[in-house]
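The values are calculated or read from the model by the stated rules, or taken from the named source; none is laboratory data. The shown structure was predicted, so the numbers you read here are calculated from the model rather than taken from an experiment. Here Cβ is always computed from backbone atoms with ideal geometry, including for glycine, and neighbour counts include all displayed protein chains.
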Amino acid sequence: MRQLLALGMVLISLGLGSELSYGQRDPNARCLLECHGTSDFKREVAPGQFKSLYVDYEQFKTSVHKDKLCIDCHTDVTAIPHQRRPEQIHCLQCHYQGNVVGAPVSERPEKYKESVHGKAFARGDPNAPDCKHCHTVHSVRAPTDPLSPVYRANIPKTCGSCHIEIYTEYLESVHGQALRNNILESAVCSDCHREHDLFPPDDPRSSLHPQNVANTCARCHADVKIMERRGVPVKQVEAFKKSFHGIAIEFEVLKSANCVSCHGYHKILSSRDPRSPIYPLNLANTCGQCHPNASENVARGRFHIIPSDPGAGIVFWVYEFYRWLTIVMTAGFIFYIVLDLYGRWRHARRGSHG
Amino acid sequence: MAKEQIKELSEERTIERINLQLRAQHFALMVSVTLLILTGLALLYRESALGRLLIALEGGFEARGTIHRVAAGLLMATAFYHLLYILFSRQGHEEFMQMLLTPQDFKDYAATVLYDLGVRAHKPQCARYSYREKFQYWAFAFFVIVMIISGFILWFHDWFFGILPKWAFDVAIAVHSGTGTLLLIVLTLWHLYLVHLRPGRFPIDWSFWDGKISEKQLYEEHPLEYQQLKEKGIL
């Protein structure tokens, strides 16, 4: 009896739900009533193969587009029911710079076309993602919505649905671990790779071009507030830029090491983790990628030092010694010159009595 | 010597005081150190307009490094040649022995300070190499040794990686840039002032090129050497 009651309630709520999801006065009702609101509405794309044409309107009504009409996007549908199959639509038909309908463009969605994904899609690569692969089709939610696939905490999983191996590597990294511990300010894919302007690393426009890597990491790792909260040193990027490698990179010697050369990228681990390339015992190997003679000697010293900072240890003292020596000697020479000129002036005035 | 006689000393009549050997060594040193300082400063001040200008003039970042290393090669060759010269050439050895510091040099320096201040009435009597030349020679010798050692470590870092700890390279960078800056100050405020910029020498003293000094200048600055040459009958 109880089971029957439960079943009845489910049926009633389902019926109510479908009744509530769109009323007769909803302008989209015509699309849904007869056709797209029916869950088994489908089209045979090949013999025996069907494509669902069902639109979950309840989902749609929770999306950012809830106030839009179907025909706002499917603009070529001029009569309902439509006679021809509507053309593929593209988000950029609204989300372009300067659009008048108020479609947000803060993340520059038009750059997608130039990106690795956009180019592969344009080539006809069946695996290349289009907007809908990350944003979904009818249930697009804002990036701030925890149910959105592009919500920070969901981004790795979204990217990982195609990049599975990288996803598993990322989950092991300090960034992935932090994210799993609900630290949302930890780096997710798009923090380094960007969202729409995602270029291959050899493209100078890429956030991961050798000359841009340090600045990309600096977006968080030079942020005093974030690094203090996480207990991570904050001057590493600044020190890198002053270092031999950083200077070489700045002057387009691209073979020089940047952050990822030593730290890795998807699977970045703490220097205390024995699996990390910057674990002291692994440094000889890591440096050895470029410097064949590297031995355990490379671990003997401090990394990411700023000479003028006491944290630099002996280098700081050498730096201070030279600073003061330079000041004292400059003052000494100026004194010497003034004395010499004074002596000459004095003896010239009194006549030469050599 | 009486005052009248000094006035008779010719400013026209000159004597070759610095031989061709020393002039050639000095010239190689001058060229290499100038190039090293210009290319080194470019790197040290890469973020300033001066640094950017120097890098552009030197043909870009990597060309700058190449010029620096070529000049370093010239400097090391000069230093090595100089070492052979003072060890195995009688002439070079004699010059070097006169360069050795003695307590008298420090007394001479103190006496000069007192003379300039007007405490003493007489200038100290200096020989062929006065405290001025000696102090500069030894300062440069020390600086060049420091620069060659630290520069060598940085140039051949891949080889030294097997021997030296990481901090030694960081120290080498600090020493190389610190000594380089110091060298620039010593060269401009001390050496250039003494030989070219001070009253009586300005704007340029050509003795670095022809090695010649006038009798008058020789008498005023190196009275003991003047007397010695007079006794030998060379003057």
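Would you call B:R52 part of a helix (DSSP H, G or I) and within 14 Å of chain A (Cβ to nearest Cβ)? Against the criterion (part of a helix (DSSP H, G or I) and within 14 Å of chain A (Cβ to nearest Cβ)), B:R52 qualifies. Please work out if B:Y109 is more than 30 Å from A:T286 (Cβ to Cβ), modelled with pLDDT under 95 and under 20 Å from the mean Cα position of the chain (by Cα). The answer is yes for B:Y109.
With respect to B:K212, determine if the residue is over 18 Å from the mean Cα position of the chain (by Cα), among the basic types (K, R) and either at pLDDT below 95 or buried (at least 19 other Cβ atoms within 10 Å of the Cβ) (or both). When the stated conditions are applied, B:K212 does not pass them. Among the residues making up region A:266-281, those that are more than 24 Å from A:V224 (Cβ to Cβ) and surrounded by fewer than 19 Cβ atoms within 10 Å (Cβ to Cβ) are A:D273, A:P274, A:R275, A:Y279, A:P280, A:L281. Against the conditions (1) of a type in the set (V, I, T); (2) more than 14 Å from the chain's Cα centre (by Cα); (3) more than 20 Å from B:Y219 (Cα to Cα), B:I145 satisfies every one except (2). Number of residues in region B:73-101 that are in a helix (DSSP H, G or I) and in contact with a Phe, Trp or Tyr (Cβ under 7 Å, 6 or more places away or on another chain): the value is 4.
Being over 22 Å from A:I247 (Cα atoms) and of a type in the set (S, T, Y), is that true of even one residue in region A:304-321? Within region A:304-321, none of the residues are over 22 Å from A:I247 (Cα atoms) and of a type in the set (S, T, Y).
Candidates A:V116, A:V100: the one that is within 25 Å of the chain's Cα centre (by Cα) and either β-branched (V, I, T) or closer than 30 Å to A:P204 by Cα (or both) is A:V116. When the residues of region B:82-98 are narrowed to those that are loosely packed, with under 15 Cβ neighbours inside 10 Å and in contact (Cβ under 8 Å) with a residue 24 or more places away in the chain, which ends up nearest to the other protein chains (Cβ to nearest Cβ)? Out of the qualifying residues, it is B:Q98.
To keep it simple, each residue is scored yes or no on (1) within 19 Å of A:C91 (Cβ to Cβ); (2) touching a Leu at 6+ places or on another chain (Cβ under 8 Å); (3) buried (at least 17 other Cβ atoms within 10 Å of the Cβ); (4) hydrophobic (A, V, I, L, M, F, W, C).
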residue: A:L32; (1), (2), (3), (4): no, no, yes, yes
residue: A:C35; (1), (2), (3), (4): no, yes, no, yes
residue: A:D40; (1), (2), (3), (4): no, no, no, no
residue: A:Y54; (1), (2), (3), (4): no, no, no, no
residue: A:F60; (1), (2), (3), (4): yes, no, yes, yes
residue: A:L69; (1), (2), (3), (4): yes, no, no, yes
residue: A:D72; (1), (2), (3), (4): yes, no, no, no
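Going through region A:223-240 one residue at a time, which ones are buried (at least 17 other Cβ atoms within 10 Å of the Cβ) and either in a loop (DSSP other than H, G, I, E, B) or of a type in the set (K, R) (or both)? Answer for region A:223-240, where residues must be buried (at least 17 other Cβ atoms within 10 Å of the Cβ) and either in a loop (DSSP other than H, G, I, E, B) or of a type in the set (K, R) (or both): A:V234, A:K235. If you check A:A153, A:A187, A:A142, A:A178 for being of a type outside the set (V, I, T) and either closer than 27 Å to A:I89 by Cβ or touching a strand residue (DSSP E or B) at 6+ places or on another chain (Cβ under 8 Å) (or both), only one passes: A:A142.
If you check B:T78, B:T66 for being surrounded by 13 or more Cβ atoms within 10 Å (Cβ to Cβ), among the hydroxyl-bearing types (S, T, Y), on the phi < 0 side of the Ramachandran plot and within 14 Å of another protein chain (Cβ to nearest Cβ), only one passes: B:T66. Can you find a residue that is over 21 Å from the mean Cα position of the chain (by Cα), more than 14 Å from chain A (Cβ to nearest Cβ) and outside any loop (DSSP other than H, G, I, E, B) anywhere in region B:25-48? Scanning region B:25-48 turns up no residue that is over 21 Å from the mean Cα position of the chain (by Cα), more than 14 Å from chain A (Cβ to nearest Cβ) and outside any loop (DSSP other than H, G, I, E, B). Among the residues of region A:150-190, those that are buried (at least 17 other Cβ atoms within 10 Å of the Cβ), aliphatic (A, V, I, L, M) and more than 14 Å from the chain's Cα centre (by Cα) comprise A:L171, A:V174.
Looking for something part of a loop (DSSP other than H, G, I, E, B) and in contact with a helix residue (DSSP H, G or I) (Cβ under 7 Å, 6 or more places away or on another chain) - is there at least one such residue anywhere in region A:102-119? For region A:102-119, residues part of a loop (DSSP other than H, G, I, E, B) and in contact with a helix residue (DSSP H, G or I) (Cβ under 7 Å, 6 or more places away or on another chain): absent.
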